[in-house]
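Bear in mind these aren't lab numbers, they're just calculated from the coordinates by the rules spelled out. In this text, all values refer to a predicted model and were calculated from it rather than measured experimentally. With ideal geometry, Cβ positions are generated from the backbone for all residues, glycine too; neighbour counts draw on all protein chains shown.
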Amino acid sequence: MNSGAPMEWRLAAFDALSVAELYELLQLRSEVFVLEQDCVFQDVDGADAQAMHLMGRRDGQLLAYARCFPAGIKFAEASIGRIVTSQRVRGSGLGHLLVEQALAAVATLWGRQAVRIGAQTRLKDFYAGHGFADAGIAYIEDGIEHLEMIWQP
């Protein structure tokens, strides 16, 4: 994989995803959230049909992904979730680019507004670096500590 190749971003509604794209994004989510994090949970949660899917590819390989939701679906505010990068590119800065792209996608789709996420607690500083603040709501989801964080425009 040529790390110098540009990232190609695609934002698509569920019904605009190809079967191959759907398979790839589910595979990436499973590789990270189920296998890598050793967490058995129902990833296919019924919300994919309501999301806009942000996919980042380099050299044809899906390396970054996030779901974007308008306000009122996951939270009262707009939200992003299932934020994931392939283990092969960790530490390259792609996760930061993904969060920036997801925030820009929300603003483009539904206007610049507050965005709430359910973040793994271990990633609090990562998201804080993008302007997310701890909303003071901690919880355990699928055996992993999470907290709600909010980004204000």
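Mind checking the dipole of segment 8-111: about its Cα centre, +1 per Lys or Arg Cβ, -1 per Asp or Glu Cβ, Debye to the nearest 20? Computed about the Cα centre, the dipole is about 200 debye.
Restricting to the chain, what percent of DSSP beta bridges are antiparallel, rounded to 5? Don't skip to the answer; put the middle values down first.
Numbers: 32 of 34 bridges.
Among the beta bridges of the chain, antiparallel pairing accounts for roughly 95 percent.
Take the convex hull of the alpha carbons in segment 55-99; its mean projected area over all directions comes to 3.3 nm². Each Lys and Arg adds +1 at its Cβ and each Asp and Glu adds -1 at its Cβ; summed about the Cα centre, segment 59-153 shows a dipole of about 180 debye.
In segment 8-111, a dipole from Cβ-located charges (positive for Lys and Arg, negative for Asp and Glu) runs towards its positive end, and of Gly91, Ala49, Tyr23 it is Gly91 whose Cα lies farthest in that direction. The candidate values are (i) 12.2; (ii) 9.2; (iii) 8.7; the one derived from this structure for mean projected area of the Cα convex hull in nm² carries the label (iii).
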